Every structure is written in structure tokens, then in C-alpha cells.
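Undergrad: Right, I'll just put the structure down here and ask away after.
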């Protein structure tokens with residue numbers, strides 16, 4: 001139903017007319033790939049936009065340049081969160097959470113941090129080919145064959161394990177940032193991976209310090225958004241990553257990457273009161289069983305704080321992405337698992 005919440009709902013759960021239920025700003029975080037982003041068919045995306053009644057009681061984080069952030073009114077078609085470091089108007093898995101929150105707490109404001117990147121993995125990004133490089137020593141690198149550009153993880157003999165940096169910075173700084181010094185090497189073959197498609201927190205200090213990488217960009221923007229609020233309370237961390245790990249059979253490193261991501265996010269964000277909702281990927285792809293097992297194992301370590309949402313009964317309109325009913329269900333389940341003060 002549309003979210004035009006009127007007086008008829010203002011007394012929900014004992015609230016008086018116009019009386020907020022919470023004394024602190026309530027924040028929900030949603031991160032992941034194209035599933036939470038909202039990869040719906042054209043007709044359903046239009047339906048979602050038309051069905052929503054805009055209210056200033058729902059705010060979403062937006063960015064002006066990939067770094068600077070602000071809170072704005074959630075507006076389907078215009079402002080629904082951040083995708084790949086840029087503002088997006090796509091309705092995704094947040095809609096079910098918003099619907100449920102507005103029905104339960106119509107006098108309170110929900111602050112939503114939504115960060116997605118279509119095609120992304122929990123683990124190391126997909127291989128993007130190979131190249132050949134030489135180092136003459138003293139952190140000087142030369143590309144002899146192939147190309148390395150953009151957000152790239154380079155792996156090979158003589159290269160520090162797990163260095164994600166734009167290649168221009170790699171040529172200039174990787175020795176210093178990655179700790180390399182010493183004798184010349186090469187020429188050696190290197191394998192390249194798409195660094196900007198990985199949520200991994202495992203790959204190394206250079207990677208973890210690169211603000212352009214998705215995991216770091218999300219953390220920086222999220223912390224900046226929280227800093228704009230007075231004593232915010234994060235009640236839910238809604239996680240939907242794994243579709244691409246499953247399809248690409250990337251489960252081998254998934255458990256370690258998931259553990260490290262969970263540890264890192266808990267160290268960075270005030271998540272003491274937040275429930276982690278793992279929105280389980282479909283049994284689709286050679287790595288799906290491994291990814292699903294890893295998520296179940298992780299959640300079982302603290303079943304009070306971590307919940308797994310079963311999406312197997314939901315329809316995938318293109319064989320991969322859940323339809324509007326599915327993404328709405330996911331968000332509603334996230335809300336149902338959330339513990340409010």
C-alpha cells in the first residue's frame with residue numbers, strides 16, 4: 001500500500017498524535033549488490049515509484065561528489081541511496097523496511113544508509129586479465145605488456161599480497177604504501193582483479209585505506225552521515241551480498257572475507273544494538289551452496305544478533321534478481337528481526 005500515513009495510523013503502538021516514540025535518531029543500514037539496489041523490471045520499478053507517498057519522516061544518505069554527504073528526503077525515482085559512489089533513485093530492499101517502520105512508528109523519522117554496487121562480490125573481484133611488469137628497485141614500476149588501470153588488485157611474484165590501488169598510484173606509491181623496498185625484480189607476470197567490485201576487508205592495508213574502493217567508500221560516507229546526527233542509534237545492518245560470489249563460484253575465500261568484514265564493520269560503526277540481517281542468496285550458481293553455508297555458520301555464532309532471511313520462496317523475475325514482492329519481503333523481514341528500544 002502507498003505510504004501516505006494519515007491520522008488513522010498515528011496511534012500505532014500507543015503513540016499519541018504527533019508524539020515521537022524514540023528519543024534518538026533511528027538508523028538502518030543496507031548494503032550489497034544489485035539485489036538491494038533494486039534491479040527490478042521497468043514496470044515494477046515504475047510501480048514502486050508511483051506507490052510511494054513522499055514524507056519527510058524518511059531520510060536517506062546522498063553524496064555530492066562521492067565524499068561529501070547529506071541527509072535528504074527519501075524520494076523514489078530521485079533519492080534512494082548510493083550506488084557505486086553515486087546517487088540513485090532505484091527502489092530496492094529498503095522499501096519493505098520503510099513500509100513497516102512507517103506503519104509502526106509514523107511519528108518518528110527513519111534515517112537510511114543504503115550503499116550498493118551492482119555486480120559486486122564479498123570476496124576478491126573478478127579477474128580482469130594479466131600484464132607484465134618490471135621494477136628497477138626503489139619503488140619504480142614499469143608496465144611491459146598488458147594494461148592495468150582503474151581500481152585494480154595486482155597479484156604476482158614480487159608484489160605484496162593484496163594491494164588494491166588505482167594503477168597511477170600503484171606506480172608512484174605502492175612500494176611505500178604496501179611496504180615494499182629492496183632489490184629490483186622482473187619482468188614478472190601479474191594477475192589483475194577488479195578491486196572496485198569487492199566488499200572484502202581482507203586484502204591488505206593499502207586496499208583498506210583506498211577511499212575509492214566500495215567497502216572503504218561506504219564506511220567513510222556512512223560514518224560521515226552518522227556524524228551529522230545527534231546520538232544516533234543504529235538498529236539494523238541489512239546485508240545482501242553473495243549473488244555474484246555464488247554465480248562465479250568464489251566461495252573459497254568467502255568465509256574469511258565475511259568474518260573480516262563483520263569484524264571491521266563492528267569496529268567502525270556503532271552496531272552494539274544492531275541486528276545483522278543476512279539476506280541469503282538464491283541457490284543459483286556453482287558457489288551458492290558454499291556461500292549459503294558460510295552465511296549460516298556465521299549467523300549461528302550469535303543467533304540473537306544475527307539472522308538469516310530465507311528468500312527461496314520469492315520469485316526471481318529474470319532468473320537472478322528478485323521481483324518487487326521479493327525485495328519488499330526482504331525489507332519487511334529485516335524490520336521484523338530488528339529490536340527497537
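Read-outs: derived from the displayed coordinates by stated rules, not from any lab. No experiment lies behind these values; they were computed from the predicted model shown. We place every Cβ from the backbone using ideal geometry, glycine too, and count neighbours over all the protein chains shown.
Undergrad: Sticking with the crude label model, points 7 Å out along Cα→Cβ, report the distance from residue 41 to residue 325 in nm, one decimal please.
TA: Each label point is offset 7 Å from its Cα along the Cβ direction, giving 1.3 nm.
Undergrad: If packing is taken as the mean number of other Cβ atoms within 10 Å per residue, what is the order of 37-48, 89-100, highest first?
TA: Top to bottom by mean Cβ count within 10 Å: 89-100, 37-48.
Undergrad: Neighbour counts of other C-beta atoms within 10 Å: give me 60, 49 arranged from fewest to most.
TA: Taking fewest neighbouring Cβ atoms as first place, the list is 49, 60.
Undergrad: Can you give the three extents of the C-alpha atoms in segment 48-123 along their principal axes, from longest to shortest, in whole Å?
TA: Extents along the principal axes: 36, 25, 23 Å.
Undergrad: Cα convex hull of segment 233-314: mean projected area in nm², to one decimal?
TA: Average of the hull's projected areas for segment 233-314 equals 5.3 nm².
Undergrad: Could I have the simple spin-label model distance between residue 289 and residue 103, label points 7 Å from Cα toward Cβ, reported in nm to one decimal?
TA: About 3.8 nm separates the two model spin labels.
Undergrad: Fewest first, what order do 328, 256, 123, 63 take by the number of other Cβ atoms within 10 Å?
TA: With the sparsest Cβ surroundings first, the list reads 256, 63, 328, 123.
Undergrad: On a full-extension model of 0.36 nm per residue, what is the gain between residue 313 and residue 147, subtracting their alpha-carbon distance, rounded to one decimal in nm?
TA: Length gained, residue 313 through residue 147: 55.4 nm.
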